[in-house]
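Quick note: the coordinates plus some simple rules give every number you see, no bench work behind them. What you see is a predicted model, and the numbers here were worked out from it, not measured in a lab. Because the Cβ atoms are built from the backbone with ideal geometry, glycine has one as well, and the counts that use them run over all protein chains shown.
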Amino acid sequence: MIAAHQWKRKREMGVELEHIDIGDLRGIALANDALRVVVIPEIGGKIISLMSRRTGREWLWTNPHLPLRRPPLDASNFGQFDCGGWDEIFPTVNSCRLPNTAWGDRMLTDHGELWYRPWQTLATEVAPCEIASLELAVCDPALPFHFARTLTLAAGSGPLIVNYELLNRSNRLLPYFWAAHPLLAIYPGDVICLPIDTPISSTHSIGLDLDTDSTPFAWPRMRLRSGKTIDFSRVPERTVGIAAKLFAEHVSTGCVEVRDETRRESIRISFDPTSIPHVGLWLNYGGWSGTAATSYFNAGIEPTTSVCDALSIAVRDEKAKQLELGERHFWQITVKCADDLK
């Protein structure tokens with residue numbers, strides 16, 4: 001644990017790390033000149049804030065209908081706790097079983113095994129080279145895996161660097177896929193930037209009469225049964241009442257960006273496309289709500305290792321990653337906010 005006077009001294013040097021109270025929850029905040037990031041370890045390591053310090057824009061969506069709260073250890077319905085922010089999805093989105101693997105006979109939880117578990121804080125550090133870092137992990141010995149995530153911010157205006165480590169601690173093969181799950185607060189007219197003609201597949205939609213012959217399609221336009229097309233790159237008005245789960249496959253540039261051309265700012269998520277080849281897109285434009293309240297207006301921009309929603313399907317189609325006993329996988333993403341759009 002770092003003493004408060006050390007944090008103050010490091011804040012003066014352009015980097016911050018401090019413990020804060022969020023109701024009855026304990027959070028940890030990291031900041032540099034460009035970003036302030038707030039994490040709550042005890043509710044799935046959730047990142048609840050990703051704010052531009054230059055403009056004050058909060059990039060993460062907050063659900064106005066569901067409060068932050070600790071899920072019970074037997075939680076199984078992610079939608080009941082979908083309060084917004086950034087969760088980690090592992091090893092599946094849809095619940096399923098994977099017998100004859102490290103997962104045994106358990107039913108894997110909706111949206112994975114991480115969001116409802118308390119995470120351990122392994123290390124908080126403000127280094128002499130002006131770097132603030134926070135290492136969290138899920139390392140319950142009863143589980144077949146060890147999952148760790150380290151957030152790092154350097155002094156100045158550098159990006160958030162997120163490093164991951166996954167260990168198979170069982171004596172059987174561990175199949176999985178992973179996705180970051182940040183829900184972004186968006187505005188009509190925002191632009192989602194992916195390479196033109198990137199192959200796109202769809203696994204679910206609401207309020208869209210899709211032409212099944214048009215999937216997969218080339219980013220950004222999908223044909224509807226009426227013959228019209230929809231441009232998924234531009235966020236529509238809040239009243240449009242549609243939603244779609246898409247996968248951008250083999251994103252060659254290794255990045256996805258959301259640009260607010262009115263306010264002249266953007267958020268960019270970058271990754272190594274050899275280890276994280278795809279981007280999941282949950283585009284909810286007033287089409288779905290996990291409560292009885294008004295449907296949500298947000299966008300999940302989700303770098304991922306697979307184009308499946310269920311691990312059982314990913315294994316069947318040979319689209320899952322696998323870890324042998326004692327094997328580790330490492331990967332990284334970076335997040336950068338900018339306010340200098342040309």
What does the charge count around P175 come to, taking other residues whose C-beta lies under 14 Å from its C-beta (Lys +1, Arg +1, Asp -1, Glu -1)? +1
May I ask you to sort M51, M107, M222 by Cβ crowding, counting other Cβ atoms within 10 Å and putting the fewest first? M107, M51, M222
I want to check the label-to-label distance for Q332 and Q120. Put each point 7 Å from Cα in the C-beta direction and report it in nm to one decimal. 2.5 nm
The exposure ranking of C308, C255, fewest beta-carbon neighbours within 10 Å first, is C255, C308
Please give every one of the aspartates and glutamates within straight-line cross-link reach of K228, meaning a C-alpha to C-alpha distance under 13 Å, and leave out same-chain neighbours fewer than 8 residues apart. D209, D211
Hey, of (1) 32, 24, 23; (2) 51, 31, 18; (3) 30, 26, 19, which did the structure itself give for semi-axes √(5λ) of the Cα gyration tensor in Å when calculated? (3)
So E130 and L210, fully extended at 0.36 nm per residue minus their Cα-Cα distance, gain in nm 23.7 nm
So, over other residues within a Cβ distance under 9 Å of I230, counting Lys, Arg +1 and Asp, Glu -1, the net charge is +2
Apply the Karplus curve 6.51 cos²θ - 1.76 cosθ + 1.60, θ = phi - 60°, to the phi angles in region 31-41 and return the couplings in whole Hz, x for Gly and Pro. 7, 10, 5, 9, 9, 10, 10, 10, 10, 10, x
Order 177-188, 229-240 from most to least packed using the mean count of other Cβ atoms within 10 Å. 177-188, 229-240
